[in-house]
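Let me begin by presenting the structure, written as structure tokens, before commenting on it.
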Amino acid sequence: MSAITVFINGQPKDLLRPISLEEFVVLIQTELQQENNPKAIATAVNEVFIPRTQRSSYIPKK
């Protein structure tokens, strides 16, 4: 299985397994030692905004 590369503020990050956008937000906030606050991050996939209410069901595909 190959990784999916995502970009956070222009910095690449590889995902080695399928993960929901909601899980990814928590992962990034944990890695950056930020408070777990889903409202603090805006999410977009291929320049299309993904609302917070859809993050749990959105799993990026290669």
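The values are calculated or read from the model by the stated rules, or taken from the named source; none is laboratory data. In this text the structure is predicted, and so the values were computed from the model without any measurement. As a convention, Cβ positions derive from the backbone with ideal geometry for all residues, glycine included, and neighbour counts pool all protein chains shown.
Tally time: how many residues in region 39-60 are part of a loop (DSSP other than H, G, I, E, B) and surrounded by 11 or more Cβ atoms within 10 Å (Cβ to Cβ)?
Total meeting the criteria: 6.
Name the residues in region 34-58 that are at pLDDT 90 or above and over 20 Å from residue 4 (Cα atoms), would you?
Selection gives 51, 52, 53.
Residues in region 1-22 that are surrounded by 10 or more Cβ atoms within 10 Å (Cβ to Cβ) and within 15 Å of residue 61 (Cα to Cα): how many?
Qualifying residue count for the region: 11.
With the requirement that a residue be touching a helix residue (DSSP H, G or I) at 6+ places or on another chain (Cβ under 9 Å) and in a loop (DSSP other than H, G, I, E, B), what does region 1-38 give you?
Answer for region 1-38, where residues must be touching a helix residue (DSSP H, G or I) at 6+ places or on another chain (Cβ under 9 Å) and in a loop (DSSP other than H, G, I, E, B): 19, 20, 34, 35, 36, 37.
Let's see how each residue does on (1) out of contact with any His (no Cβ under 9 Å at 6 or more places or on another chain); (2) without any contact (Cβ under 8 Å) to a residue 40 or more places away in the chain; (3) among the polar types (S, T, N, Q):
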position	(1), (2), (3)
6	yes, no, no
35	yes, yes, no
45	yes, yes, no
48	yes, yes, no
57	yes, yes, yes
